[in-house]
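The values are calculated or read from the model by the stated rules, or taken from the named source; none is laboratory data. This structure is a prediction, so every number in the text was calculated from the model and none was measured. All Cβ positions, glycine included, derive from the backbone under ideal geometry; neighbour counts span all protein chains shown. Note: accessible area is taken over every heavy atom of the protein model, side chains too, but ligands, DNA and RNA are not part of it. Shrake-Rupley method; radii C 1.70, N 1.55, O 1.52, S 1.80 Å.
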Amino acid sequence: MSLPSDARTTVTAGSGGFGGVKKAVESDGCGGGGGSERAVGFVGLGAMGAGMAAALVKQGFAVKGFDVYPPACEKLKAAGGAAAASAADAAEGAPVVVLMIATSQQAEAALFGNQGALDALPRAAVVVLCSTVPPDFACSLGRKLAAQGEAWELVDAPVSGGVACAADGGTLTVRRSLV
């Protein structure tokens, strides 16, 4: 899978979609036909994640999202997405899973914990880590994913721009680091 080589990509939420995920899915030949190839698992539907997930739905992605706070999942359903019962359920069959959660501990649990995304993530899927975490954690997470032998790829892509930009169709900045 190839992503743009620039270290900073500005994408538009709302009417423009979450282009970072769109590029990740489409650059691997997954875009276009609808169905599971445009499926995105999303973990973390809070202040930032809810708007990002809704923007993907508006762009035609089949988003299945999970959050520990059940009303957040209901909000995604109202926006046209699907609610997942766990991180594993969100990742089932998705070539891309986005983690928009607050801490490295939450990211670890969302992937490797009970009913974590890796329980159901397909071979060669991409994990997009949008949380702001220490660089050492992102590197170790990339190594840990690689060691699983499933050809999973980690894209460390912290997001800035604020809640208003995520929710109201403004511009988000996605910084992609090389892990």
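The conditions are (1) within 27 Å of Gln105 (Cβ to Cβ); (2) modelled with pLDDT of 50 or more; (3) assigned to a loop (DSSP other than H, G, I, E, B), and Gly41 fails exactly one of them. Which is it?
(3)
Between a first residue in the range 72-92 that is more than 19 Å from Gly116 (Cβ to Cβ) and a second residue that is open to solvent by less than 10 Å² (accessible area, probe 1.4 Å) and in a loop (DSSP other than H, G, I, E, B), which pairs have beta carbons less than 8 Å apart while being 6 or more apart in sequence or on different chains?
Filtered contacts from the range 72-92: Lys75/Leu45; Leu76/Leu45.
Looking for whichever is at pLDDT 95 or above, outside any helix (DSSP H, G or I), open to solvent by less than 20 Å² (accessible area, probe 1.4 Å) and among the aliphatic types (A, V, I, L, M) here; the options are Val127, Val174. Which one fits?
Only one candidate passes the filter, namely Val127.
Can you pull out the residues in the range 46-86 that are in a helix (DSSP H, G or I), open to solvent by less than 50 Å² (accessible area, probe 1.4 Å) and modelled with pLDDT under 95?
Passing the criteria: Gly49, Ala50, Gly51, Met52, Ala53, Ala54, Ala55, Leu56, Val57.
Just checking, which of Ala94, Ala62, Ala82, Ala78 is under 22 Å from Leu121 (Cα atoms), over 14 Å from the mean Cα position of the chain (by Cα) and not aromatic (Phe, Trp, Tyr)?
Numbers: Ala94 fails: over 14 Å from the mean Cα position of the chain (by Cα); Ala62 fails: over 14 Å from the mean Cα position of the chain (by Cα); Ala78 fails: under 22 Å from Leu121 (Cα atoms).
Ala82 is the lone residue from the list that is under 22 Å from Leu121 (Cα atoms), over 14 Å from the mean Cα position of the chain (by Cα) and not aromatic (Phe, Trp, Tyr).
Write out, first by first residue and then by second, each pair whose Cβ atoms fall under 8 Å of each other, whose residues are 6+ apart or on separate chains, and whose first residue, in the range 38-50, is in contact (Cβ under 8 Å) with a residue 24 or more places away in the chain while the second is assigned to a loop (DSSP other than H, G, I, E, B) and among the polar types (S, T, N, Q).
Filtered contacts from the range 38-50: Gly44/Ser131.
Kindly check whether there is at least one residue in the range 104-113 that is part of a helix (DSSP H, G or I), open to solvent by 20 Å² or more (accessible area, probe 1.4 Å), within 19 Å of Phe61 (Cα to Cα) and at pLDDT 90 or above.
For the range 104-113, residues part of a helix (DSSP H, G or I), open to solvent by 20 Å² or more (accessible area, probe 1.4 Å), within 19 Å of Phe61 (Cα to Cα) and at pLDDT 90 or above: absent.
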